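Each value in this text was obtained by applying a stated rule to the coordinates, not by laboratory testing. As the structure is a prediction and not an experimental result, all values here were calculated from the model. Because the Cβ atoms are built from the backbone with ideal geometry, glycine has one as well, and the counts that use them run over all protein chains shown.
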Amino acid sequence: MELDNLYSFFPKSCGLSEPEYWSLLLIHDGVETQSRISEQLFMSRQTLNSAFKQLVKKGLIVLEPYEDNQRTKRAVLTPSGDRLVEEQVTRMHRIEEQAWEKFSQEESEALARLTRKYTDVLGEILEPLKKGSDFKSKTV
């Protein structure tokens, strides 16, 4: 939770909510639709719809229909949205690099390896939940 709190501070320092911030980063990386962003961020479409409305209101994105499907819209960064992402992503990367520089190579490799292992094991344990079955019997 402490790490989550640290990462939630950064969007606030940019004047954005977390869904707005992470959506901008994904749009910048080429993810264009609310549906795909919802999947990647594990957020409800309702939450993302609210975030997108705010991003449009703030002039950071525009929503454009696809030529072949007028009902589906893709998010495109405006010049000010692109500038914000470039400045803030660069800033955040520098901050993260400063943190990583405090670790030895062995420590950073161990952290990455153990974090991956924890994520994999947790995912395996939670897999029955994703499929809608009772997972209590498979734990402890």
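At-a-glance table
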read-out	value
Estimated inter-spin distance, GLU86 and ASP120, nm [label 7 Å along Cα→Cβ]	3.9 nm
Extreme residue, positive dipole direction of the chain, given options VAL56, LEU25, VAL85 (C-beta unit charges)	VAL56
Hz values of 3J(HN,Hα) by residue in the stretch 58-71 - Karplus curve (6.51, -1.76, 1.60), Gly and Pro given as x	7, x, 9, 9, 10, 10, 10, x, 6, 4, 8, 8, 5, 6
Dipole magnitude of the chain about its Cα centre (Cβ charges: Lys, Arg +1; Asp, Glu -1), debye to nearest 20	600 debye
Cα-based helix-to-principal-axis angle, 2-13 vs the chain, degrees rounded to 10	10 degrees
Spacing of the two label points (7 Å from each Cα toward its C-beta) at GLU64 and ARG94, in nm	3.1 nm
Nearest 10 degrees, 0 to 90: helix 79-101 Cα axis against the chain principal axis	20 degrees
Loop-located trypsin sites (Lys or Arg not before Pro) in the stretch 28-88 whose Cβ has at most 10 other Cβ within 10 Å (DSSP)	ARG71
Angle in degrees between helix 18-28 and the longest Cα principal axis of the chain, rounded to the nearest 10	70 degrees
Contour minus Cα-Cα distance for SER35 and SER104 (0.36 nm per residue)	20.9 nm
Cα Rg, Dmax, the stretch 30-140, angstrom units	19.7, 53
Length-normalised contact order for the chain - Cα pairs under 8 Å, 6+ apart - percent	16 percent
Loop GluC sites (Glu not before Pro), the stretch 1-85, which have at most 13 other Cβ atoms in a 10 Å radius of their Cβ (DSSP)	GLU67
Pairwise label distance in nanometres, LYS57 with PHE42, each label 7 Å out on the Cα-Cβ vector	2.8 nm
Chain lengthening between SER13 and LEU111 when straightened (0.36 nm per residue, less Cα-Cα)	32.6 nm
Of SER50, SER35, SER104, the one that fluctuates the most in a GNM where the chain has Cα springs shorter than 10 Å	SER104
